[in-house]
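Before any comments, here is the structure.
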Amino acid sequence: MGAIGAEFHLVLGRLKSTLGKQLTQGLSVLDCQRAIGMALTVGVFPIMGFATPVNTLAGVVLRLNQPVVLAANFSTAPLKLALIYPFLRLGEWVFGAEPLSLSLIELTERFAADWLGMLQEFGWSFLHATVGWLICVPLLYFSFFCLSKPIILSAQAAYEAGVKRIKKEA
């Protein structure tokens, strides 16, 4: 085997090792609770497009189970949409800002009249929503962390019962 083939096998071996670690690390109940709590909390971040990269990075840095993190993250879409408005309103209240009108017709007209001003206004709205989310982060994480334990234990019991049944049938 040539130098390129040896290099390829070395890189492939490292990739397999890294993926194997990502799939198997953090499978205790506490680790799963941490992964779910973090992923759901970040998953409801009110600005679209940020949650998945942040969750992936946080999962790597915190050595959380990536499949658990990403599955929890992807499950947050309906909750994220439901929480954008409350986060925005909370942030507006904190800053004493005028509430953003969310009428599609009004937003379209304002965008057509002054798109640069509209982008600046949305910039403040992004900040307001982010601050509203940041205020809620401790409560969100604690709630998701605590609520995930019974779900994890139930899934674990169902898995163990299935394994016992398969062994018994074999």
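The values are calculated or read from the model by the stated rules, or taken from the named source; none is laboratory data. The model shown is predicted, which means the values in this text are computed figures rather than measured ones. Please note that ligands, DNA and RNA were not included when accessible areas were found on the heavy atoms of the full protein model with its side chains. Shrake-Rupley method; radii C 1.70, N 1.55, O 1.52, S 1.80 Å.
Miscellaneous remarks
- Overall form of segment 106-170 per C-alpha gyration tensor (a/c, 1.5; a/b vs b/c): prolate
- Sequence-ordered 3J(HN,Hα) estimates for segment 156-170 from the Karplus curve with 6.51, -1.76 and 1.60 and θ = phi - 60° stand at 5, 5, 5, 5, 5, 5, x, 5, 4, 5, 5, 5, 5, 6, 7 Hz, glycine and proline given as x.
- Calculated from backbone phi, Karplus (6.51, -1.76, 1.60) coupling profile of segment 80-97 in Hz, x at Gly/Pro: 4, 4, 5, 9, 4, 4, x, 5, 4, 5, 4, x, 4, 5, 4, 7, x, 8
- Percent accessible area from carbon and sulfur atoms, segment 54-123, protein chains only, probe 1.4 Å: 72 percent
- Shown in residue order for segment 40-48 are the 3J(HN,Hα) couplings computed by the Karplus curve 6.51 cos²θ - 1.76 cosθ + 1.60 at θ = phi - 60°: 5, 5, 5, x, 8, 3, x, 10, 5 Hz (x for Gly and Pro).
- Take segment 104-170 with all the other protein chains still there, run a 1.4 Å probe, and you get 77 Å² of accessible area per residue.
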